[in-house]
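S.K.: Take this structure first; my questions come after.
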Amino acid sequence: MCGFVGVIHQDGTPVQLSDVKHMNKVLTHRGPDDEGYYHDDDVTVGFRRLSIIDLSHGGQPLSHDNQRYWIVFNGEIYNYIELRDELKADGQTFTTDSDTEVILGMYQKYGEKAASKLRGMFAFMLVDTQTHEVYGARDHFGIKPLFYSEADDGNVYLASEKKALLSLLDDRSIDDRALQDYMTYQYVPDPESLTPSMHKLKAGHYFTKKPGEAFKTTQYFNPTFAPQTMTDEDKVARDLADVLRDSVAKHMRADVTVGSFLSGGVDSSIIVALARELSPKIKTFSVGFEREGYNEIDVAKETAERLDVENISEMITPEEFAQAFPRFVYAMDDPLADPAAVPQYFLTRLARKYCKVALTGEGADEFFGGYTIYNEPNSLSMFEHMPRPVNHVLRGVSHMMPTGMKGKSFLERGTTPLEERFVGNAKIFSEAEKSQLLEHYNPDYPYTEVTSGLYGRNAQLDPITRMQDIDMHTWLVGDLLLNADRTSMAASLELRTPFIDKEVFKFARTIPANLRVAHGTTKYILRKAAESFTPDNVLYRRKLGFPVPIRFWLKNELADWADNIINEAQVDDYINKDYVRQLLADHRAGKADNSRKVWTVLTFMVWHQVYIERKYPEVFVDELIATTHNDD
């Protein structure tokens with residue numbers, strides 16, 4: 001696990017090496033063990049290393065085939081041993097035992113098809129010094145990030161985190177459309193960022209830059225669900241257990257200590273249960289809050305005891321939460337308003353005290369149907385059989401019902417097409433609310449712009465599977481994987497996600513909806529697959545996520561903190577503060593639970609203070625911001 005920066009030169013004109021070193025230093029947290037550089041007429045690259053595999057010889061930038069190819073790479077390739085054997089059989093030779101050199105070997109053999117052959121999490125760029133072509137890719141599901149900017153000087157700048165680009169290309173403007181999306185989704189959907197000149201390479205895409213040609217991105221992997229008819233539940237469960245066991249084994253390949261996160265939920269419990277088969281002394285880590293209903297540490301400890309593994313836990317106070325929040329925001333690059341993301345910031349720091357690699361359970365909900373809202377198509381099925389005029393009348397009735405009245409939401413959602421009512425696991429502000437909140441609201445840019453293309457291509461699927469497909473392409477990469485990468489890397493910890501694996505998805509995509517959401521539970525077949533090795537105290541427990549008591553904190557412990565942010569943030573050009581204050585006042589008066597809406601705005605305000613106002617210089621490493629950069 002590492003970080004890198006790179007510049008693709010325009011017309012063979014290199015940048016100053018000091019500029020690349022400056023960008024690279026911003027990423028020290030991603031790779032505190034080592035750094036390295038390579039430059040020629042085509043590229044200049046910098047690398048930060050967190051040593052995990054081939055500790056002695058896996059440094060980067062790394063070359064292959066008598067230094068014809070050079071690469072910088074962030075991530076892990078879990079099938080690198082098998083791929084290296086294949087390449088050796090073809091006559092290729094290797095100077096290291098690292099997975100990095102295998103990528104170069106795959107490119108030598110397969111060219112632009114190389115990324116599709118890899119199993120793992122990755123972002124990389126490489127150069128062929130003979131053809132002068134530059135090639136890079138982001139993994140199948142977007143576990144690892146890659147930002148790029150086509151700058152005014154003609155060069156293409158790339159980095160593992162946007163803050164490295166910002167340290168050199170000082171763009172403090174804000175993309176109004178991206179901000180509008182953020183207020184809907186609580187994150188900025190790929191491929192955009194809040195900074196209009198900087199973009200994310202989309203998951204499952206590679207890029208190429210050939211001499212005399214433009215920078216080009218191409219999709220190499222497009223995950224789609226294809227449910228099959230399955231009648232033998234027991235066989236499906238057994239086969240799924242085998243697939244998961246193989247994935248966990250591959251994800252535990254490392255030359256350093258591997259631990260695991262452990263919450264009170266089924267996903268992390270499954271991962272730990274399988275991991276302990278290979279590493280009986282594996283350490284597990286949990287965090288919680290001192291408020292009833294918001295602490296799963298006791299369940300995690302009970303699970304750890306049943307699995308006979310050690311559990312290490314910490315409690316987070318509201319004061320610690322608020323104090324760490326600017327650093328969390330800085331780590332994210334763009335604002336992420338998922339309250340559950342912040343506890344993971346503490347969790348990664350706890351785990352890093354004991355190990356260098358940790359496993360986590362992200363992806364199970366999207367692959368196997370784990371969110372409670374996936375029950376909705378079943379509960380609303382009655383509306384599908386009503387004549388259209390009746391639905392129209394009922395929708396009108398719902399509009400006349402007072403806010404909060406029982407049945408209003410049910411009628412609204414039942415009479416609204418799936419494509420309009422579901423745009424992912426979170427929908428924070430409505431269009432009417434955004435028109436009051438945002439100073440530059442654009443009514444001609446609807447929230448469905450992000451998901452319409454996905455709905456267009458999955459129309460033949462059942463409603464539950466369509467919802468999963470939306471979440472897999474939006475929420476998973478935009479929220480969960482963003483959080484997983486930035487919080488772990490901020491702590492110099494490698495976080496691995498065994499559920500998010502192309503071989504696991506290859507099996508999961510075929511499972512029918514009636515085996516995912518069934519018998520009154522979500523992830524039914526996943527739970528059944530885990531019955532033989534996972535403690536029953538969590539196996540059929542209701543999903544809680546990572547609950548954070550912001551609903552109470554905004555009324556009590558963090559009330560002054562929230563008021564100060566609203567008063568001090570210099571965001572009047574973007575946000576109607578009076579509207580935000582009214583949301584908060586109504587929340588505190590008990591008129592409505594506006595905690596998620598207020599939190600989304602507060603997160604943007606702190607982001608603005610950190611990245612635009614530069615109010616918190618202490619969050620930057622060695623004052624590494626563009627305004628203080630010099631070429632010494």
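S.K.: May I ask you to list the residues in the stretch 509-559 that are surrounded by 20 or more Cβ atoms within 10 Å (Cβ to Cβ), in a loop (DSSP other than H, G, I, E, B) and of a type outside the set (A, V, I, L, M)?
M.R.: Within the stretch 509-559, 522, 523, 534, 546, 549 qualify.
Results for (1) in a helix (DSSP H, G or I); (2) modelled with pLDDT under 95; (3) within 26 Å of residue 480 (Cα to Cα); (4) basic (Lys, Arg), shown as yes or no for each residue.
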position	(1), (2), (3), (4)
84	yes, no, no, yes
96	no, yes, no, no
104	yes, no, no, no
113	yes, no, no, yes
122	no, no, yes, no
134	no, no, no, no
143	no, no, yes, no
154	no, yes, no, no
168	no, yes, no, no
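S.K.: Which one of these does residue 14 not meet: (1) farther than 21 Å from residue 357 by Cβ; (2) touching a residue at least 60 places away in the same chain (Cβ under 8 Å); (3) touching a Ser or Thr at 6+ places or on another chain (Cβ under 7 Å)?
M.R.: (2)
S.K.: If you go through the stretch 242-261 one residue at a time, do you hit one that is touching a Phe, Trp or Tyr at 6+ places or on another chain (Cβ under 7 Å), of a type in the set (Phe, Trp, Tyr) and closer than 16 Å to residue 362 by Cα?
M.R.: Within the stretch 242-261, one or more residues are touching a Phe, Trp or Tyr at 6+ places or on another chain (Cβ under 7 Å), of a type in the set (Phe, Trp, Tyr) and closer than 16 Å to residue 362 by Cα.
S.K.: With the structure loaded, tell me whether residue 173 is closer than 26 Å to residue 62 by Cα, modelled with pLDDT of 95 or more, surrounded by fewer than 19 Cβ atoms within 10 Å (Cβ to Cβ) and of a type in the set (Gly, Ala, Ser) or whether it fails that test.
M.R.: Spelling it out, it is not the case that residue 173 is closer than 26 Å to residue 62 by Cα, modelled with pLDDT of 95 or more, surrounded by fewer than 19 Cβ atoms within 10 Å (Cβ to Cβ) and of a type in the set (Gly, Ala, Ser).
S.K.: Taking residue 355 as meeting all but one of (1) part of a loop (DSSP other than H, G, I, E, B); (2) of a type in the set (A, V, I, L, M, F, W, C); (3) surrounded by 20 or more Cβ atoms within 10 Å (Cβ to Cβ), write down the number of the exception.
M.R.: (3)
S.K.: Can I ask one more? Can you find, within the stretch 5-17, the residue that is modelled with the highest pLDDT among those that are in a strand (DSSP E or B) and surrounded by fewer than 20 Cβ atoms within 10 Å (Cβ to Cβ)?
M.R.: Among them, the one singled out is 10.
S.K.: Right, something else. Have a look at 477, 517, 504 and point out the one that is touching a residue at least 60 places away in the same chain (Cβ under 8 Å) and closer than 30 Å to residue 176 by Cβ.
M.R.: Every option except 477 fails the conditions.
S.K.: While we're looking at this one, here's another question. State which residue is farthest from residue 142 (Cα to Cα) when the search covers only the stretch 203-220 and only residues that are in contact (Cβ under 8 Å) with a residue 60 or more places away in the chain and surrounded by fewer than 16 Cβ atoms within 10 Å (Cβ to Cβ).
M.R.: This residue is 211.
S.K.: Taking residue 428 as the residue in question, decide whether it is of a type outside the set (S, T, N, Q), in contact (Cβ under 8 Å) with a residue 40 or more places away in the chain and in contact with a Gly (Cβ under 9 Å, 6 or more places away or on another chain).
M.R.: no
S.K.: Right, something else. Got a sec? Which of 432, 490, 513 is touching a His at 6+ places or on another chain (Cβ under 6 Å) and farther than 20 Å from residue 141 by Cβ?
M.R.: 490
S.K.: Against the definition (over 23 Å from the mean Cα position of the chain (by Cα), in the same structural domain as residue 20 (by TED's automatic domain parsing) and part of a loop (DSSP other than H, G, I, E, B)), how does residue 59 come out, yes or no?
M.R.: Criteria met by residue 59.
Residue by residue, here is whether (1) aromatic (Phe, Trp, Tyr); (2) touching a Lys or Arg at 6+ places or on another chain (Cβ under 9 Å) holds:
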site	(1), (2)
182	yes, no
195	no, yes
214	no, no
218	no, no
224	no, yes
230	no, no
233	no, yes
242	no, no
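S.K.: Within the stretch 478-498, does at least one residue satisfy the condition of being over 14 Å from the mean Cα position of the chain (by Cα), closer than 16 Å to residue 366 by Cβ and in a helix (DSSP H, G or I)?
M.R.: no
S.K.: Next up: If I ask for residues that are modelled with pLDDT under 90 and of a type outside the set (S, T, N, Q), which ones from the stretch 529-547 would you list?
M.R.: 536, 538, 539, 540, 541, 542, 543, 544, 545, 546, 547
S.K.: Just give me the residues in the stretch 18-35 being closer than 24 Å to residue 215 by Cβ, out of contact with any Cys (no Cβ under 9 Å at 6 or more places or on another chain) and crowded, with 17+ Cβ neighbours inside 10 Å, in sequence order.
M.R.: Once the filter is applied, which keeps residues that are closer than 24 Å to residue 215 by Cβ, out of contact with any Cys (no Cβ under 9 Å at 6 or more places or on another chain) and crowded, with 17+ Cβ neighbours inside 10 Å, the stretch 18-35 yields 19, 20, 22, 23, 24, 26.
S.K.: For the stretch 184-216, what are the residues that are outside any loop (DSSP other than H, G, I, E, B) and more than 18 Å from residue 477 (Cα to Cα)?
M.R.: Scanning the stretch 184-216 gives 207, 208, 209, 216.
S.K.: Further, regarding this structure: Determine, yes or no, whether residue 67 is part of a loop (DSSP other than H, G, I, E, B), surrounded by fewer than 20 Cβ atoms within 10 Å (Cβ to Cβ) and in the same structural domain as residue 155 (by TED's automatic domain parsing).
M.R.: Considered against the rule, which asks whether it is part of a loop (DSSP other than H, G, I, E, B), surrounded by fewer than 20 Cβ atoms within 10 Å (Cβ to Cβ) and in the same structural domain as residue 155 (by TED's automatic domain parsing), residue 67 comes out as yes.
S.K.: Name the one entry in 268, 263 that is surrounded by 23 or more Cβ atoms within 10 Å (Cβ to Cβ), in a loop (DSSP other than H, G, I, E, B), assigned by TED's automatic domain parsing to the domain that holds residue 531 and in contact (Cβ under 8 Å) with a residue 12 or more places away in the chain.
M.R.: Of the residues listed, the single one that is surrounded by 23 or more Cβ atoms within 10 Å (Cβ to Cβ), in a loop (DSSP other than H, G, I, E, B), assigned by TED's automatic domain parsing to the domain that holds residue 531 and in contact (Cβ under 8 Å) with a residue 12 or more places away in the chain is 263.
S.K.: Please indicate, with yes or no, whether at least one residue in the stretch 461-473 is out of contact with any strand residue (DSSP E or B) (no Cβ under 9 Å at 6 or more places or on another chain), outside any helix (DSSP H, G or I) and at pLDDT 95 or above.
M.R.: Within the stretch 461-473, one or more residues are out of contact with any strand residue (DSSP E or B) (no Cβ under 9 Å at 6 or more places or on another chain), outside any helix (DSSP H, G or I) and at pLDDT 95 or above.
S.K.: Can you give me the number of residues within the stretch 277-316 that are outside any loop (DSSP other than H, G, I, E, B) and either of a type outside the set (Lys, Arg) or buried (at least 19 other Cβ atoms within 10 Å of the Cβ) (or both)?
M.R.: Number of matching residues: 25.
S.K.: Can you find a residue in the stretch 430-451 that is surrounded by fewer than 17 Cβ atoms within 10 Å (Cβ to Cβ), within 24 Å of the chain's Cα centre (by Cα) and in a helix (DSSP H, G or I)?
M.R.: Taking every residue of the stretch 430-451 in turn, at least one turns out to be surrounded by fewer than 17 Cβ atoms within 10 Å (Cβ to Cβ), within 24 Å of the chain's Cα centre (by Cα) and in a helix (DSSP H, G or I).
S.K.: Could I ask something else about it? Return yes when residue 237 is modelled with pLDDT of 95 or more, surrounded by 14 or more Cβ atoms within 10 Å (Cβ to Cβ) and part of a helix (DSSP H, G or I) and no when it is not.
M.R.: It is true that residue 237 is modelled with pLDDT of 95 or more, surrounded by 14 or more Cβ atoms within 10 Å (Cβ to Cβ) and part of a helix (DSSP H, G or I).
S.K.: While we're looking at this one, here's another question. Looking only at the stretch 319-336, which residues are over 15 Å from residue 347 (Cα atoms) and either part of a helix (DSSP H, G or I) or without any contact (Cβ under 8 Å) to a residue 40 or more places away in the chain (or both)?
M.R.: Result: 319, 322, 323, 326, 329, 330, 332.
The values are calculated or read from the model by the stated rules, or taken from the named source; none is laboratory data. Fair warning: this is a prediction, and the values are worked out from it, not measured in the lab. No Cβ is skipped: glycine too gets one built from the backbone with ideal geometry, and neighbour counts run over all protein chains shown.
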